[in-house]
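The values are calculated or read from the model by the stated rules, or taken from the named source; none is laboratory data. On a predicted model such as this, the values are computed, not experimentally measured, just so you know. A quick note on method: Cβ atoms are made from the backbone with ideal geometry, for glycine too, and the neighbour counts reach across all protein chains shown. Ligands, DNA and RNA are stripped out before the accessible areas are found, and what is left, the full protein with its side chains, is counted by its heavy atoms. Shrake-Rupley method; radii C 1.70, N 1.55, O 1.52, S 1.80 Å.
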Amino acid sequence: MDFLNTSALRFLLALILAFTLWVFVSYTQNPDLSTAYDNVPVDIEGLEPGLIVVDQEGLPRTQRPEVDLTVQADEETVRNVRISDLRAFVDLSRRGPGEHNVPVNVITTRSLRLRTTVAPEYLVIRLDQEMTKTVALTIETTGIVPFGFEARAPQATSRGQPLTTVTVRGPQGRVTRVTAVRARADIDRLTANYNSPRTLEPIDANGQPVAGVTVEPATADILVPIIPSVGLKRVPVVPAITGFPASGYVVAGVEVSPLLVTLTGSSGPLDDAENVTTAALDITGATQTFTRSVALITPRGTQLRFGEPTEANVTVRITPINRPFQATIPASVQVIGIGEGLLASLSPNVVSITVAGAAAQLEMLSSTQLLGVVNVRGLGPGVYELEPAFTLPEGVTLAAPAPRVFVTLRLPLIATPEPTSTIESEAQPTALPGTSGPTPGETPIPTVTPIPTP
């Protein structure tokens with residue numbers, strides 16, 4: 001009880017009472033108020049170099065995302081708050097390409113005692129890698145100049161310098177779709193040069209515009225020279241073929257596209273121009289049909305009309321020669337079917353045969369060693385005149401019967417002891433069946449004659 005009567009305790013209780021009274025009076029006289037701010041832009045902070053913020057379609061975001069803010073404070077503070085006193089931002093530090101769900105932070109730009117709430121509390125931020133690419137510049141002309149005038153090849157310049165390629169920059173997902181940059185010029189019914197700055201448009205492989213990328217330079221000066229044409233003449237395109245196909249092959253036909261082109265020039269050279277030739281097309285050693293694109297060569301003093309192709313597609317049809325040829329080639333001969341205990345000799349063992357076939361087949365046959373055989377199966381000792389048989393490749397035949405060869409079959413010599421007495425009798429040779437008997441003292445020579453080939 002003595003403690004409660006101390007001066008320190010009485011001071012503490014007085015302080016608490018005073019604070020409570022101040023709070024009561026403050027909230028009674030100056031209660032907390034809230035105010036809302038809609039569509040507050042959100043700053044992007046911490047974006048890594050080389051990254052770009054994109055939308056759902058992969059296009060760069062040109063506007064900052066927005067949130068709604070609610071501020072709570074006493075009436076006097078709220079009355080003094082301005083939208084410029086509040087700043088909303090998201091921190092993208094250490095975040096790479098892709099989709100990120102990041103919290104929204106809100107700070108005040110001057111010292112104010114207030115509470116803020118934000119909706120939504122998180123934002124979906126999509127990032128893509130920024131990319132640069134160099135592509136070709138194409139110039140498309142539309143319309144037709146009047147008769148008697150000709151439009152020449154268009155030209156593009158930037159700051160007085162020729163321009164053939166440009167740079168595109170933007171999100172990687174968009175830049176990779178760009179295959180070229182296009183400028184368009186309408187020359188319909190013009191009789192003087194077309195010269196105008198044109199906006200450059202990025203396009204994809206299908207010729208459709210690609211949004212979300214920037215082109216550097218954004219514009220180019222396009223010049224289409226339009227001049228009077230003294231004369232026009234339609235002439236055929238003649239392919240120039242040099243060389244010869246491989247042996248055994250011929251040129252069956254030559255086709256060219258286009259068949260006709262239009263020349264322009266003065267009356268003299270045009271009168272002399274009969275055709276337009278192609279650059280030389282070499283067919284040396286060709287064995288099959290092929291197509292090549294070759295340049296067109298105009299007669300002196302003339303040129304191709306604007307819009308005409310500068311190249312022609314030439315198709316050369318190569319086919320084998322089907323006409324039969326004959327060739328005489330050497331061929332070895334061997335004996336087969338020799339009976340047991342017999343010895344055989346052959347004369348001659350190389351003969352010349354005449355074969356017929358296509359040139360290509362005969363050329364391949366020339367590198368093959370032909371072999372003929374004579375079959376003496378079932379024949380006994382004797383001398384026989386036989387025709388060799390040959391196995392030839394498909395498409396190759398004998399143009400004449402093969403030369404006959406002589407085959408001698410004999411028994412091996414057997415050494416016999418000296419006779420002790422002389423036998424006066426003498427064996428007579430026996431003729432082969434179907435032949436006449438031999439003359440005494442002569443050795444029979446059997447002959448086998450083959451059936452003639454039809």
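Return the residue satisfying two criteria in turn: it lies in region 110-160 and is acidic (Asp, Glu) and open to solvent by less than 40 Å² (accessible area, probe 1.4 Å), and of such residues it is farthest from VAL224 (Cα to Cα). Even if it seems obvious, please write down each step before you answer.
Applying the first criterion (acidic (Asp, Glu)) to region 110-160 yields 121, 128, 130, 140, 150.
Still in the list and also open to solvent by less than 40 Å² (accessible area, probe 1.4 Å): 128, 150.
Details: ASP128: 39, GLU150: 10 Å.
That would be ASP128.
Among the numbered conditions (1) in contact with a helix residue (DSSP H, G or I) (Cβ under 9 Å, 6 or more places away or on another chain); (2) in a loop (DSSP other than H, G, I, E, B); (3) among the β-branched types (Val, Ile, Thr), tell me where THR132 comes up short.
Among (1) in contact with a helix residue (DSSP H, G or I) (Cβ under 9 Å, 6 or more places away or on another chain); (2) in a loop (DSSP other than H, G, I, E, B); (3) among the β-branched types (Val, Ile, Thr), THR132 violates only (2).
Checking the structure you have, find out if any residue of region 361-372 is crowded, with 18+ Cβ neighbours inside 10 Å and in a strand (DSSP E or B).
Scanning region 361-372, I find at least one residue that is crowded, with 18+ Cβ neighbours inside 10 Å and in a strand (DSSP E or B), so the answer is yes.
Taking only pairs six or more apart or across chains, which ones have beta-carbon atoms under 6 Å, a first residue in region 56-67 that is closer than 15 Å to ASP43 by Cβ, and a second residue that is open to solvent by less than 100 Å² (accessible area, probe 1.4 Å) and part of a loop (DSSP other than H, G, I, E, B)?
The qualifying pairs are ARG61/ASP55; VAL67/VAL104.
Which one of these does LEU47 not meet: (1) assigned to a loop (DSSP other than H, G, I, E, B); (2) among the aliphatic types (A, V, I, L, M); (3) within 30 Å of LEU33 (Cβ to Cβ)?
The failed condition is (3).
Has region 280-287 got any residue that is surrounded by fewer than 17 Cβ atoms within 10 Å (Cβ to Cβ) and in contact (Cβ under 8 Å) with a residue 60 or more places away in the chain?
So far as region 280-287 goes, no, none of its residues is surrounded by fewer than 17 Cβ atoms within 10 Å (Cβ to Cβ) and in contact (Cβ under 8 Å) with a residue 60 or more places away in the chain.
Take ILE318 and tell me if it is part of a strand (DSSP E or B), touching a Ser or Thr at 6+ places or on another chain (Cβ under 6 Å) and on the phi < 0 side of the Ramachandran plot.
Working: part of a strand (DSSP E or B): yes; touching a Ser or Thr at 6+ places or on another chain (Cβ under 6 Å): yes; on the phi < 0 side of the Ramachandran plot: yes.
Yes, satisfied.
If I go through region 161-176 residue by residue, how many of them are outside any helix (DSSP H, G or I), in contact with a Leu (Cβ under 8 Å, 6 or more places away or on another chain) and either open to solvent by 40 Å² or more (accessible area, probe 1.4 Å) or within 11 Å of GLY212 (Cβ to Cβ) (or both)? Spell out how you get there, then give the answer.
Here is the first cut: in region 161-176, the ones outside any helix (DSSP H, G or I) are 161-171, 176.
Applying the additional criterion that residues be in contact with a Leu (Cβ under 8 Å, 6 or more places away or on another chain) yields 163-166, 171.
Still in the list and also either open to solvent by 40 Å² or more (accessible area, probe 1.4 Å) or within 11 Å of GLY212 (Cβ to Cβ) (or both): 164-165, 171.
Number of matching residues: 3.
Output yes when any residue across region 143-157 is assigned to a strand (DSSP E or B), out of contact with any Phe, Trp or Tyr (no Cβ under 8 Å at 6 or more places or on another chain) and within 30 Å of LEU51 (Cα to Cα), and no when none is.
To start, the set of residues in region 143-157 that are assigned to a strand (DSSP E or B) comprises 149-151, 155-157.
Keeping just the survivors that are out of contact with any Phe, Trp or Tyr (no Cβ under 8 Å at 6 or more places or on another chain) gives 149, 155-157.
Restricting the remaining residues to those that are within 30 Å of LEU51 (Cα to Cα) gives none.
Within region 143-157 (the criterion being assigned to a strand (DSSP E or B), out of contact with any Phe, Trp or Tyr (no Cβ under 8 Å at 6 or more places or on another chain) and within 30 Å of LEU51 (Cα to Cα)), the answer is no, since none of the residues qualifies.
When you check GLY212 against the structure, is it within 31 Å of the chain's Cα centre (by Cα), open to solvent by less than 30 Å² (accessible area, probe 1.4 Å) and at pLDDT below 95, yes or no?
Details: within 31 Å of the chain's Cα centre (by Cα): yes; open to solvent by less than 30 Å² (accessible area, probe 1.4 Å): yes; at pLDDT below 95: yes.
Criteria met by GLY212.
ASN195 - would you say it is touching a residue at least 12 places away in the same chain (Cβ under 8 Å), outside any helix (DSSP H, G or I) and open to solvent by 30 Å² or more (accessible area, probe 1.4 Å)? Lay out the reasoning, then the answer.
Details: touching a residue at least 12 places away in the same chain (Cβ under 8 Å): yes; outside any helix (DSSP H, G or I): yes; open to solvent by 30 Å² or more (accessible area, probe 1.4 Å): yes.
Answer is yes for this residue.
State the number of residues belonging to region 228-239 that are of a type outside the set (S, T, N, Q) and either outside any strand (DSSP E or B) or open to solvent by less than 50 Å² (accessible area, probe 1.4 Å) (or both). Steps first, answer last, please.
First, pick out the residues of region 228-239 that are of a type outside the set (S, T, N, Q): 228, 230-239.
Right, trim to either outside any strand (DSSP E or B) or open to solvent by less than 50 Å² (accessible area, probe 1.4 Å) (or both) and you get 230-231, 235, 237, 239.
Adding up the residues that qualify gives 5.
Since ALA88 meets every condition but one in (1) in contact (Cβ under 8 Å) with a residue 40 or more places away in the chain; (2) in a strand (DSSP E or B); (3) farther than 21 Å from PRO41 by Cα, which condition does it not meet?
Among (1) in contact (Cβ under 8 Å) with a residue 40 or more places away in the chain; (2) in a strand (DSSP E or B); (3) farther than 21 Å from PRO41 by Cα, ALA88 violates only (3).
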